[in-house]
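Step one of this worksheet: look at the structure below.
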Amino acid sequence: MSQLALEGLSKTFRGVEVLQDVFLQAEQGEFICLLGPSGSGKSTVLRMIGGFETPDVGKIRLAGEEIQDLPPNRRNIGFVFQDYALFPHLTVEANIAFGLKCHKTEKAEMGRRIKSVLELVGLTGLEKRYPKQLSGGQQQRVAIARAIALRPSLLLLDEPLSNLDAKLRRQIRLEMRELQQELGITTIMVTHDQEEAMTMGDRIAVLQSGVIQQIGKPLELYKRPANLFVAGFLGDPPINLQPCRGAVRDGLPGVEALDAFLPADLGSGGESREWEGKEFVLGIRPEDIGVAKSGSGAPGIPAVVDVIEHLGSSALVHVRTEASRTKLTALVHAKWIPEAGERVLLDLHAGNGLLFDKTTTLAVPGFAFRQPAEPAGIGS
């Protein structure tokens, strides 16, 4: 039995459908991230689980029990809000004790729990401080300590790191993940930050316009996105997306794109005779485009460098192909990095490419590019 099960949740606000038939299951101890742009419905899902919104249709089960009609205080769920929601007039100790008092926890037990959670979040010795005397990271730890002190069956996190600077955010997310694994609490976190979702979640549910587009492990979503939205939303730098057409050369199916012919195995995507001329969208991740010096003798697609973004040990190389003027971005990890205006050759690692139906935006089922013996280029 799943620890949490969402069964067909739908919700309409003022005639606008913000959630459509949402199904999701979380196993005991699993960390699931709800990822999507603003307005995608992810916070509405979290508020429904916590009891702050009621679904128009559907059921919410926690450990097998239906809870969609229970008030928040009867759901045994811990909630960490985006703004921490600490009481400014209460000390760290008193903030953590607040929920325990509401649950009528005995004084001795309350003291043990407060001491225990302060040790877990690394705040021992700060019991008597007030929130204004704490850093943002420390305030976040207090909010987490207050939630886990109640020993909830489920922990909900609503963009808990969005108010922290980048360096502290990376530190706190590592601490939160280690703490969650140590406690074994099933956790659902809302975020619009794909890096947080990719590094923290056991699985990710990607939402758009109130619909779950895909659920899966981070690398599964990155390498095998279900549609164009997931492919474009995941990845930093973003994926290169280019229109292309199906083609057949010497009886071999593939696509004509980026000044090259890329051979492929169709799988269940269609027969060769139905393939030629069909419109698709090709996806190539920046790390799957190699850049070599022009005139080096290596085969490849001729291009000109527009802009270089230096990232330290790597660089983003923005280019235009010479034949079609197509703009692409390559992520280069090498000692040699070209300069703006320089002519280069592009090596497409087509075996890692993705293909989507232009009409439906869905990934072509069973399709896979063949990895050529030589880099893809003109005449290949």
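The values are calculated or read from the model by the stated rules, or taken from the named source; none is laboratory data. Only a predicted model underlies this, so the values are computations on that prediction, with no experimental measurement involved. Virtual Cβ from ideal backbone geometry, glycine too; neighbours counted across all protein chains shown.
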Please give the number of the condition Gln25 fails out of (1) part of a loop (DSSP other than H, G, I, E, B); (2) modelled with pLDDT of 90 or more.
(1)
Part of a strand (DSSP E or B) and farther than 30 Å from Met198 by Cα: does that describe Val305?
yes
Could you tell me whether region 46-59 includes any residue that is assigned by TED's automatic domain parsing to the domain that holds Glu175 and closer than 14 Å to Ala205 by Cα?
yes
Among the residues of region 361-380, which ones are of a type in the set (A, V, I, L, M), modelled with pLDDT of 80 or more and not in a loop (DSSP other than H, G, I, E, B)?
Leu362, Ala363, Ala368
Taking into account only those residues within region 322-349 that are over 31 Å from the mean Cα position of the chain (by Cα) and not charged (D, E, K, R), which is farthest from Leu241 (Cα to Cα)?
Trp336
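Do you know which residues across region 222-271 are among the polar types (S, T, N, Q), assigned to a strand (DSSP E or B) and over 20 Å from Arg320 (Cβ atoms)?
Residue satisfying the conditions is Asn227 alone.
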Those residues that are without any contact (Cβ under 8 Å) to a residue 24 or more places away in the chain and within 31 Å of the chain's Cα centre (by Cα), I need them from region 80-129; list them, please.
Glu119
So which of Leu228, Leu241, Leu155 ends up being aliphatic (A, V, I, L, M) and surrounded by fewer than 20 Cβ atoms within 10 Å (Cβ to Cβ)?
Leu241
Go through (1) in contact with a Pro (Cβ under 8 Å, 6 or more places away or on another chain); (2) over 18 Å from Gly210 (Cα atoms); (3) touching a residue at least 60 places away in the same chain (Cβ under 8 Å) for Glu30 and report which single condition fails.
(1)
When you go through Gly341, Gly351 one by one, which is the residue that is of a type outside the set (A, V, I, L, M, F, W, C), in the same structural domain as Ala298 (by TED's automatic domain parsing) and loosely packed, with under 12 Cβ neighbours inside 10 Å?
Gly341
Restricting attention to region 182-199, does a residue exist that is more than 20 Å from Gly41 (Cα to Cα), within 12 Å of the chain's Cα centre (by Cα) and either modelled with pLDDT of 95 or more or of a type in the set (Ser, Thr, Tyr) (or both)?
yes
Could you go through region 352-360 and let me know if any residue there is part of a helix (DSSP H, G or I), at pLDDT below 95 and within 17 Å of Leu258 (Cα to Cα).
yes
Is it fair to say Phe81 is among the aromatic types (Phe, Trp, Tyr), at pLDDT 95 or above, under 21 Å from Ser162 (Cα atoms) and out of contact with any Phe, Trp or Tyr (no Cβ under 7 Å at 6 or more places or on another chain)?
no
Looking at Gly184, is it surrounded by 22 or more Cβ atoms within 10 Å (Cβ to Cβ) and of a type outside the set (A, V, I, L, M, F, W, C)?
no
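Criterion first (modelled with pLDDT under 95 and surrounded by 14 or more Cβ atoms within 10 Å (Cβ to Cβ)) does Leu126 satisfy it?
So Leu126 passes the test.
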Report yes if Asp306 is within 24 Å of Pro238 (Cβ to Cβ), modelled with pLDDT of 90 or more and exposed (fewer than 15 other Cβ atoms within 10 Å of the Cβ), otherwise no.
yes
